Amino acid sequence: MADINQLVLMRRYFESGATRSYSFRIAQLKKLRKALMEREAAFHAALYQDLKKSPEEAWVTETGFLLSEINFMLKHLKEWMQADQVPTNLLNMPSSSFVLKEPLGTVLIIGPWNYPLQLLFTPLAAAMAAGNCVVLKASEFAPATAAVMKEMIEQNFAADYILFTEGDGATVIPAMMNAFTFDHVFYTGSTAVGKIVYKMAAENLVPVTLELGGKSPCVVESDANIKVAARRIVMTKFSNAGQMCVAPDYVLVHASKKDALLKAMIETIQQFFSLQAEDSYNYGKIINEKQFDRLLTYLPEGKIVWGGRNDRSKLFIEPTIMDQVSMDAQLMKDEIFGPILPLISFSTKAEALNIIAKHKNPLAFYIFTSSTAKEKEWLSAVPFGGGCVNNASWHLTNPHLPFGGRGYSGTGGYHGKKSFDCFSHQKSIMKTPTWFDPSIKYPPFKGKLKLFKWVIR
Ligand code: NAD
């Protein structure tokens, strides 16, 4: 746990103004990039140890992802830091107006275990780009990756600027948040813990970004390209053994295409992961016994139409598709967050929307259809964070698309410029010349109502 005196030192360092200049921010981001690249092999080994990620998967979803976010920041930071000139309304003429971008101060970033590097260090890079001091709290459940991150931070950055903390979140985070008023808390993790963090932050009116989970539906319409839908759903649902916040949680398939989709998904699973997924280079493992045991309780809740084999000693659960799952089953209440995919058929859109509505504000939503009209209908019918048409999960890899949830799936967003905005305060300024100071704006007001109505309308 962080020594509270250390947090006070960080605040002093921030207040010294050292982190504010463009040159400082660029130099630190380059240092972060260099340190990351020097540790590519160490990170890939650690991610294999924690989650059995191949170097290729680790590059796409962790190291390479982070690198491309840092490169995007390095390319655009100058433009993002500039004040935005905005128009001025008639009432305030001849003033000028602009918005300054100011760092928030000393911020706390809390990460989960499923993408332990990317989900802690992408917000870190953003907070650095925006000129903040940063306290990092890594998940205790991906210890190999946390060890490399800790070494990397401590070797490269002074503790007054970036402080790495770890340990049991339920102890460490309240201890820090109750003793020190952070200027922002950026939390990624479960909705349940998100509520706890939100409450602690509210105590001191600390602004938050909450990147939470939920049950993300995936709809396959009667006119979808089934072969492509199967490949894209299988790819993201079983990547990282289903432990992905934006993985399709369940599939709602039009009744006329259910058999075809099931057949195509089973073929695809075999192509991607073979009949021995436990030995597949492309297939990960469950993070720990607790998660493994939780996932296993879902298997009796329906008919397993593919998969279901498992081995606790290897934390292996085969890519699994389930049919005949009751809407009252726990499987349809919890966020699954593992390699189990319920396949549910629907005949009418209303029927499908009823199921989706049981879990308000999913983080993601996916619609597979070849009809633009249907695409539009679905996208407007469901309130969700972000999503894809004829694809799944890849929206979060485009830095031009802000990423985040709404309501139950989170508050605020990041990626690309939105990351910089997330860790900056937008300070609105009006500048008014003194050479023009009409008395009409000052008392006495009597008789000026008509004029005011003309100016303010
Ligand atoms: P988690 O909520 O258990 O833990 C996240 C972090 O919170 C960890 O660092 C942990 O130490 C800390 N923590 C745990 N208990 C705490 C407490 N009582 N008070 C304060 N902090 C505490 O989440 P997880 O299991 O690591 O991650 C899985 C969840 O995260 C899933 O729900 C998933 O959907 C979600 N998630 C969301 C995103 C996103 O970008 N929206 C990304 C990844 C994961």
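The values are calculated or read from the model by the stated rules, or taken from the named source; none is laboratory data. This is a predicted model, so every value here is computed, not measured. Positions of Cβ are backbone-derived with ideal geometry, glycine not excepted, and every protein chain shown enters the neighbour counts. Side chains included, ligands, DNA and RNA excluded: accessible areas come from the protein's heavy atoms. Shrake-Rupley method; radii C 1.70, N 1.55, O 1.52, S 1.80 Å.
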Using the Cα centre of the range 55-185 as the reference point, and only Cβ charges (+1 on K/R, -1 on D/E), how large is the resulting charge dipole? Debye, rounded to the nearest 20.
380 debye
On C-alpha positions alone, give me the angle between the axis of helix 226-238 and the longest principal axis of the chain, in degrees, nearest 10.
70 degrees
³J(HN,Hα), Karplus 6.51/-1.76/1.60, whole Hz, each residue of the range 17-29, x for Gly, Pro
x, 4, 8, 7, 5, 4, 5, 4, 4, 5, 4, 5, 5
Please work out how much accessible surface E140 shows to a 1.4 Å probe, ignoring ligands, DNA and RNA, in Å² rounded to 10.
60 Å²
Spelling out what I want: for every residue of the range 120-132, take phi, set θ = phi - 60°, compute 6.51 cos²θ - 1.76 cosθ + 1.60 (Karplus), and round to whole Hz; glycine and proline get x.
9, 8, 5, x, 4, 4, 5, 5, 5, 4, 7, x, 9
With each run of n ≥ 4 DSSP H residues scored as -39500 (n - 2.57), what mean residue ellipticity at 222 nm is computed for the chain after dividing by its residue count and rounding to the nearest 500 deg cm²/dmol?
-12000 deg cm²/dmol
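Using a 1.4 Å probe on the protein heavy atoms, what percent of the accessible area of the chain belongs to carbon and sulfur? List each step's numbers first, then the result.
Details: 11510 of 20190 Å².
The nonpolar share, carbon plus sulfur, comes to 57 percent.
What order do you get for 28-41, 154-167 when each peptide is scored by the mean count of other beta carbon atoms within 10 Å, highest first? Mind showing how you got there, number by number?
Details: 28-41: 15.9, 154-167: 17.9.
Put in order of decreasing packing, that is 154-167, 28-41.
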For the chain: accessible area per residue (Å², 1.4 Å)
44 Å²
Going through K150/K199; K263/K374; K53/K215; K53/K333; K31/K78 one by one, the pairs whose alpha carbons sit over 26 Å apart turn out to be K150/K199; K53/K333
Enumerate the amide H contacts of V305 below 5 Å, restricted to partners 5 or more residues apart or on another chain; note that Pro and chain-start residues carry no placed amide H.
I321, M322, D323
At a 1.4 Å probe radius, which order do D249, D259 fall into by accessible area, largest first?
D259, D249
Derived scalar couplings ³J(HN,Hα) [the range 205-221; Karplus, 6.51 cos²θ - 1.76 cosθ + 1.60; whole Hz; x for Gly, Pro]:
6, 7, x, 10, 10, 10, 10, 10, x, x, 9, 8, x, 10, 9, 10, 7
So for H415, H254, what's the accessible-area order with a 1.4 Å probe, most first?
H254, H415
Relative contact order of the chain (C-alpha contacts under 8 Å, at least 6 apart) in percent is 18 percent
0 to 90° range, to nearest 10: angle between helix 4-15 axis and the chain longest Cα axis
50 degrees
Furthest towards positive pole of dipole, A125, N114, F141, structure part the range 1-151, Cβ charges:
A125
Ignoring ligands and nucleic acids, what accessible area does F141 show with a 1.4 Å probe (Å², nearest 10)?
100 Å²
If packing is taken as the mean number of other Cβ atoms within 10 Å per residue, what is the order of 67-74, 197-204, highest first?
67-74, 197-204
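Suppose R0 equals 30 Å; then what is the FRET efficiency for N89 and A373 from their Cβ-Cβ distance, rounded to the nearest 0.05? Please report the intermediate quantities before stating the final value.
Working: r = 40 Å, r/R0 = 1.33.
Computed FRET efficiency for N89 and A373: 0.15.
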What does the charge dipole of the range 37-125 about its Cα centre add up to, to the nearest 20 debye, if the Cβ of each Lys and Arg holds +1 and the Cβ of each Asp and Glu holds -1?
140 debye
Whole-Å distance, taken between Cα centres, linking the range 383-455 and the range 309-366
37 Å
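Order 390-396, 282-288, 88-94 from most to least packed using the mean count of other Cβ atoms within 10 Å.
Working: 390-396: 19.9, 282-288: 21.4, 88-94: 11.3.
Per-residue Cβ counts within 10 Å, averaged per peptide and sorted highest first, yield 282-288, 390-396, 88-94.
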Could you compute how much accessible surface T191 exposes when probed at 1.4 Å, giving the result in Å² to the nearest 10?
40 Å²
Centre separation in Å (Cα based) which lies between the range 256-286 and the range 14-87
34 Å
Computed over the chain: longest principal axis from alpha-carbon atoms vs helix 258-273 long axis, angle to nearest 10 degrees, is 90 degrees
Before anything else, pin down the relative contact order of the range 217-397: Cα pairs under 8 Å, at least 6 apart, normalised by residue count, whole percent.
29 percent
